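Trainee: The structure that follows is given in the form of structure tokens.
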Amino acid sequence: MKKYAGMFSIKEIYRIGRGPSSSHTMGPEKACKEMRKQNPEADRFSVTLYGSLAKTGKGHRTDYAIEQTFGEIPVDIRFDYDKEDLPHPNTMEIIAYRGETELSKKTVCSVGGGAIEVLGEPRTQSETVYPETLYKEIEERCQREGISLSDYVKHCEGAGIDDYLKKVWQRMKDTIHAGMNHEGEIPGGLEIQRKAGILLKQGQGKAFGHEKAIYMMSAYAYAASEENASGEKMVTAPTCGASGVLPAVLYFKQQELGYTDEEIIDALATAGLIGNLIKTNASISGAECGCQAEIGSACAMAAAAFAQLKGFGLTQIECAAEIALEHHLGLTCDPVCGLVQIPCIERNAVAAMRAVDAVSLAEMLYEQRKISLDVAIQTMYETGKDLSVRYRETSEGGLAKLYQEKQEGGKR
Ligand code: SF4
């Protein structure tokens with residue numbers, strides 16, 4: 001299953017960019033940018049979108065992202081809804097032309113979180129920065145060397161990761177602030193009004209406790225997710241659609257329990273490591289493995305981050321992440337009208353609360369656990385592969401299908 005004997009940087013888990021979809025906007029944007037750079041003499045391009053990129057590309061604004069990337073250069077965008085046997089559910093073909101001459105043709109897979117893989121151009125082993133690829137291996141090394149998970153991340157990533165994570169944390173906070181101050185309708189046609197401000201007002205008057213936690217974490221998760229859905233700036237964690245979970249937990253817990261920014265940066269390092277393990281051994285792509293790969297991964301990252309802030313050890317952190325992921329197994333991706341709004345925004349709030357609950361359970365039960373994080377990750381991948389394509393970011397099943405039928409005056 002693994003293609004590399006190592007893992008890439010956690011910078012690929014946290015990408016600062018614009019929403020609403022890392023795989024449908026950030027990935028294609030990156031692919032088109034590279035193609036344009038490699039073919040400076042091209043005077044036009046054609047892009048064909050396949051699989052989930054075609055089926056939910058309009059709702060996710062893939063075509064808009066591609067047009068923006070090529071700017072003044074003409075681009076012909078085609079949606080191929082029928083082609084099967086694709087190298088990845090998010091596949092695109094880009095051709096550069098000069099006049100009638102084809103200069104270059106590439107098949108690119110948008111593999112989740114804004115990352116791309118060009119067919120026939122595998123990434124080199126030298127790009128990997130982590131020699132270990134399983135939690136078990138990392139835990140053993142940390143125990144051997146007497147270091148924490150965040151120490152391990154810093155050791156492998158080298159100088160510069162702290163500064164990068166500081167930028168990530170600042171962007172997460174800025175996105176939450178922006179989301180709390182914005183009102184009105186989210187673009188896309190579903191006529192959804194922003195709700196972060198309403199939740200915030202209700203939570204602000206309450207004393208710290210369980211009820212306040214529900215309101216405030218939800219407000220922050222909504223704020224970040226509504227910004228993403230509106231195409232504003234945000235950080236993938238690990239994807240755009242799931243970008244509200246981790247910041248909501250960290251921002252609320254910092255206010256409630258007074259963690260310093262330095263402690264939050266360390267927690268981000270650990271959360272990034274968990275996201276990286278999932279990306280390496282399974283998937284963080286809704287098109288590949290359903291929403292368990294996006295929201296489930298985000299929840300596991302948030303649980304690990306909060307567990308570390310609470311001072312948990314290696315086994316308890318693992319247990320928290322495992323519980324968070326395990327109870328998202330089988331979660332389908334069925335975005336209504338192909339937009340990253342229903343069920344996505346609300347789902348971020350639910351997962352933020354679930355991450356905190358997973359930490360509480362891990363605190364009590366970690367000594368009796370039977371399932372490791374590595375097994376939960378492998379299970380998520382196998383479950384995702386078994387999911388019908390209707391539930392993997394195609395909007396052909398679930399909520400998306402029934403909503404559509406209702407709009408058309410159909411069966412319900
Ligand atoms: S349902 Fe989940 S995986 Fe699908 S677009 Fe929404 S957040 Fe992403």
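Trainee: Please tell me if GLU93 is closer than 19 Å to ILE10 by Cβ and surrounded by 17 or more Cβ atoms within 10 Å (Cβ to Cβ).
Mentor: Details: closer than 19 Å to ILE10 by Cβ: no; surrounded by 17 or more Cβ atoms within 10 Å (Cβ to Cβ): yes.
No; evaluated as a whole, the condition is false for this residue.
Trainee: Restricting attention to the range 351-371, does a residue exist that is in contact with a Pro (Cβ under 8 Å, 6 or more places away or on another chain), closer than 26 Å to THR25 by Cα and within 15 Å of the ligand (Cβ to nearest atom)?
Mentor: Going through the range 351-371, the residues in contact with a Pro (Cβ under 8 Å, 6 or more places away or on another chain) turn out to be none.
Taking every residue of the range 351-371 in turn, none turns out to be in contact with a Pro (Cβ under 8 Å, 6 or more places away or on another chain), closer than 26 Å to THR25 by Cα and within 15 Å of the ligand (Cβ to nearest atom).
Trainee: Let me ask another. Failed condition for SER126, given (1) surrounded by 16 or more Cβ atoms within 10 Å (Cβ to Cβ); (2) small (Gly, Ala, Ser); (3) over 24 Å from the mean Cα position of the chain (by Cα), with all others met?
Mentor: Every listed condition holds for SER126 apart from (1).
Trainee: Looking at the range 318-330, can you tell me whether even one residue there is under 26 Å from ILE186 (Cβ atoms), within 14 Å of the ligand (Cβ to nearest atom) and out of contact with any strand residue (DSSP E or B) (no Cβ under 7 Å at 6 or more places or on another chain)? Explain how you work it out, then say what you get.
Mentor: To start, the set of residues in the range 318-330 that are under 26 Å from ILE186 (Cβ atoms) comprises 328.
Now drop any that are not within 14 Å of the ligand (Cβ to nearest atom), which leaves 328.
Within this subset, residues satisfying the condition of being out of contact with any strand residue (DSSP E or B) (no Cβ under 7 Å at 6 or more places or on another chain) are 328.
Looking through the range 318-330, at least one residue is under 26 Å from ILE186 (Cβ atoms), within 14 Å of the ligand (Cβ to nearest atom) and out of contact with any strand residue (DSSP E or B) (no Cβ under 7 Å at 6 or more places or on another chain).
Trainee: Taking helices (runs of 4 or more DSSP H) that fall entirely within the range 219-329, which contain at least 2 residues that are aliphatic (A, V, I, L, M)? Steps first, please.
Mentor: Numbers: elements: 245-257, 261-281, 286-289, 295-309, 314-326.
Here the list reads 245-257, 261-281, 295-309, 314-326.
Matching residues to (1) touching a residue at least 12 places away in the same chain (Cβ under 8 Å); (2) buried (at least 17 other Cβ atoms within 10 Å of the Cβ):
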site	(1), (2)
TYR4	yes, no
MET7	yes, yes
TYR14	yes, yes
PRO28	yes, yes
LYS37	no, no
ALA42	yes, yes
PHE45	yes, yes
TYR50	yes, yes
ALA54	yes, yes
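Trainee: What number of residues within the range 1-23 are at pLDDT 90 or above, assigned to a loop (DSSP other than H, G, I, E, B) and more than 12 Å from the chain's Cα centre (by Cα)?
Mentor: 3
Trainee: Follow-up. Considering only residues that are hydrophobic (A, V, I, L, M, F, W, C) and farther than 21 Å from LYS206 by Cβ, look in the range 237-252 and name the one that is modelled with the lowest pLDDT. Spell out the reasoning first.
Mentor: Of the range 237-252, the ones hydrophobic (A, V, I, L, M, F, W, C) are 237, 240, 242, 245-246, 248-250, 252.
Restricting the remaining residues to those that are farther than 21 Å from LYS206 by Cβ gives 237, 240, 242, 245-246.
Details: ALA237: 98, CYS240: 95, ALA242: 98, VAL245: 98, LEU246: 98.
Top of the filtered list is CYS240.
Trainee: Restricting the search to the range 322-376, which residues are among the small types (Gly, Ala, Ser) and free of Cβ contacts under 8 Å to residues at least 24 places away in the same chain? Steps first, answer last, please.
Mentor: Kept after step one, since they are among the small types (Gly, Ala, Ser), are these residues of the range 322-376: 324, 330, 338, 349, 351-352, 355, 358, 360, 362, 372, 376.
Matches in the range 322-376: SER360 only.
Trainee: Can I ask one more? Being outside any loop (DSSP other than H, G, I, E, B) and surrounded by 23 or more Cβ atoms within 10 Å (Cβ to Cβ) is the filter here, so list the residues in the range 67-90 that pass it.
Mentor: As a first pass, look at the range 67-90 and keep what is outside any loop (DSSP other than H, G, I, E, B): 67-70, 75-80, 90.
Listed by number, the list holds a single entry, ASN90.
The values are calculated or read from the model by the stated rules, or taken from the named source; none is laboratory data. This one's a predicted model, so the numbers in the text were calculated from it and none came from an experiment. Don't worry about glycine lacking a Cβ; one is built from the backbone with ideal geometry, like all the others, and counts go over all protein chains shown.
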